[in-house]
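The values are calculated or read from the model by the stated rules, or taken from the named source; none is laboratory data. Just so you know, these numbers come straight off a predicted model, no measurement behind them. Positions of Cβ are backbone-derived with ideal geometry, glycine not excepted, and every protein chain shown enters the neighbour counts.
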Amino acid sequence: MLRYNWEYKEWPNFKYSTKGLEKTLLQISRNEGKYDGIVNMLPENVKADAIIDLMVIEAIKSSEIEGEFYSRKDVLSSIKKNLGLHQKSLTIINKNAEGISKIMVDIRTSFAKPLTKAKLFEWHKMLFNTHTNIEVGKWRTHIEPMQIVSGAYGKQKVHFEAPPSRSLEKEMKGFIQWFNNTAPNGKDAIENSAVRAALVHLYFESIHPFEDGNGRIGRVLAEKVLSQGMQKPALLSLSATIEKNKKEYYAQLQVGQKNLNATQWVHYFIRVILKAQEYAEKQIEFTINKASFFDRYKTKLNARQLKAIKKIMEEGPDGFKGGLNATKYKSINKTSKATATRDLQELLELGIITQTGGGRSTSYSLKLNFKSEPNRNTNRLKIS
C-alpha cells in the first residue's frame with residue numbers, strides 16, 4: 001500500500017493549483033520591489049545593518065526550529081567576519097554558530113549559480129563543521145529507515161519515512177536536475193518563484209538526504225529560489241516566520257508528504273512567504289528607526305543607559321522578552337538599584353520612554369518614532 005509521496009509511480013511529478021492565490025502572489029511580487037527600493041535608498045551603513053540584522057535573525061531562527069540555540073553575539077560576529085567587516089579577530093564561543101552564519105553569507109553570493117551536489121555537501125560541512133557523530137558532507141548511508149517520529153520510546157508515531165539510503169544518489173541527481181531545469185530560463189522554468197520555492201522545499205524535505213540538517217538546508221534552498229526569481233538576494237526571513245508556529249509547519253509538511261497533490265502545501269508555503277516579507281519590513285523599519293534613535297540620543301545618554309537600550313534592541317521589533325525592570329537594569333550594568341531608578345527616570349524626562357500604570361505596576365515603553373503604526377513596535381520596560 002502506497003504511504004508517502006516518493007512511493008508513487010508518478011514521483012516527483014507534483015500536482016497543484018494556485019487558484020485563490022492570485023492576490024497573495026501579486027502582493028509578494030509587489031513587496032519584492034518595494035522592500036528592495038527602501039533598502040537601496042538607505043545610507044550605506046544603515047543598509048548594511050538592515051541586511052545583516054535579517055541574516056542574523058534567519059540564522060538564529062533556522063537553528064532554533066531544529067532545537068539548537070545560538071547567541072546573537074556569536075552569530076552576528078560570525079556573519080560580520082565572513083563578510084569581511086571585522087577589523088580584528090573576535091572570539092566566537094559557539095563554533096556551530098559560525099557554520100549557519102557561513103551559509104547565510106554564501107547564499108547571498110551564490111544564489112544565481114546552478115545547484116550542484118558539491119554545493120549541497122559544502123553547506124552540510126559548514127553546518128556541522130564541529131560534529132563528529134554524524135556523516136558530514138555526504139548523503140546518509142545508514143541502513144535503518146530515516147523516519148520522523150514523535151512520542152515516547154515504544155509508543156512512537158511515525159509521521160514520515162524518507163526514501164532508503166541506497167536510492168539517494170539517484171533521488172538527489174533527479175532533484176538537482178529538476179531544480180536547475182525549473183530555474184528562470186530553465187527548460188522547465190516555473191514562472192512564479194514563490195510557487196517554485198514551495199515545491200523545492202517539499203521535494204527536498206521528502207527526500208531528506210542528510211543524516212541531519214535537512215530542514216536548515218531546505219530553507220536555504222527556498223531562499224535561493226526566491227533570490228533567483230528577483231535576480232538579487234531576497235529580503236525576508238522564512239525561518240523567523242516558521243518558528244513562530246512550528247506545529248503548523250510540521251503538520252502541513254506531513255500532509256504534503258502523503259501524496260503528490262501539493263495544493264494545500266503550496267497555499268500554506270505561499271502564506272509563509274508573504275508573512276516572512278512582512279516580518280522583514282518590520283525588521284527593516286526597526287533598523288532604520290534604531291539608527292535614527294542613536295543619532296539623536298547617543299550624546300545625551302550615559303554609558304549605562306546606552307548599554308541597556310542596546311540590549312533591548314538586540315531582541316528586534318518584538319521587544320525585550322519579559323520587559324526590563326530595575327533589577328534587570330542593575331544586572332546589565334552591574335550598578336545599584338538607586339542608580340538604575342535614576343537612569344530610567346532620566347530616560348522618562350528626555351521623552352525616550354513613556355509611562356503607563358502606576359505604583360508597583362508602573363511600566364514604560366521605549367519610543368522609536370515609527371512612522372506607521374506608532375505603537376506597533378514599542379519595547380516594554382517595567383520598573384519595580
Item checked: Options Ile79, Ile65; residue that is farther than 30 Å from Gln254 by Cα and of a type in the set (Val, Ile, Thr) -> Ile79
Notebook entry, point to check: How many residues are in contact (Cβ under 8 Å) with a residue 40 or more places away in the chain and either of a type in the set (Lys, Arg) or not assigned by TED's automatic domain parsing to the domain that holds Glu205 (or both) if we restrict to the range 45-76?
Noted result: 2
Check: Among the listed residues Gln264, Gln257, Gln305, Gln277, which satisfies the condition of being of a type outside the set (Lys, Arg) and touching a Ser or Thr at 6+ places or on another chain (Cβ under 6 Å)?
Finding: Gln257
Check: Are any of the residues in the range 97-110 loosely packed, with under 14 Cβ neighbours inside 10 Å, at pLDDT 90 or above and assigned by TED's automatic domain parsing to the domain that holds Gln228?
Finding: yes
Check: Out of the range 226-247, which residues are of a type in the set (A, V, I, L, M), out of contact with any Leu (no Cβ under 8 Å at 6 or more places or on another chain) and under 16 Å from Met104 (Cβ atoms)?
Finding: Leu238, Ala240, Ile242
Margin query: For the structure I just gave you, tell me whether Lys244 is buried (at least 18 other Cβ atoms within 10 Å of the Cβ), of a type in the set (Lys, Arg) and not assigned by TED's automatic domain parsing to the domain that holds Gln345.
Written below: no
Margin query: For the range 273-292, which positions are surrounded by fewer than 21 Cβ atoms within 10 Å (Cβ to Cβ) and under 19 Å from Leu26 (Cβ atoms)?
Written below: Leu274, Lys275, Glu278, Glu281
Check: Does Ser77 count as at pLDDT 90 or above and either in a helix (DSSP H, G or I) or more than 14 Å from the chain's Cα centre (by Cα) (or both)?
Finding: no
Next item on the list: Residues that are among the polar types (S, T, N, Q) and farther than 30 Å from Lys157 by Cα: find the helices (runs of 4 or more DSSP H) completely inside the range 232-335 holding 3 or more of those.
Entry: 263-297, 326-333
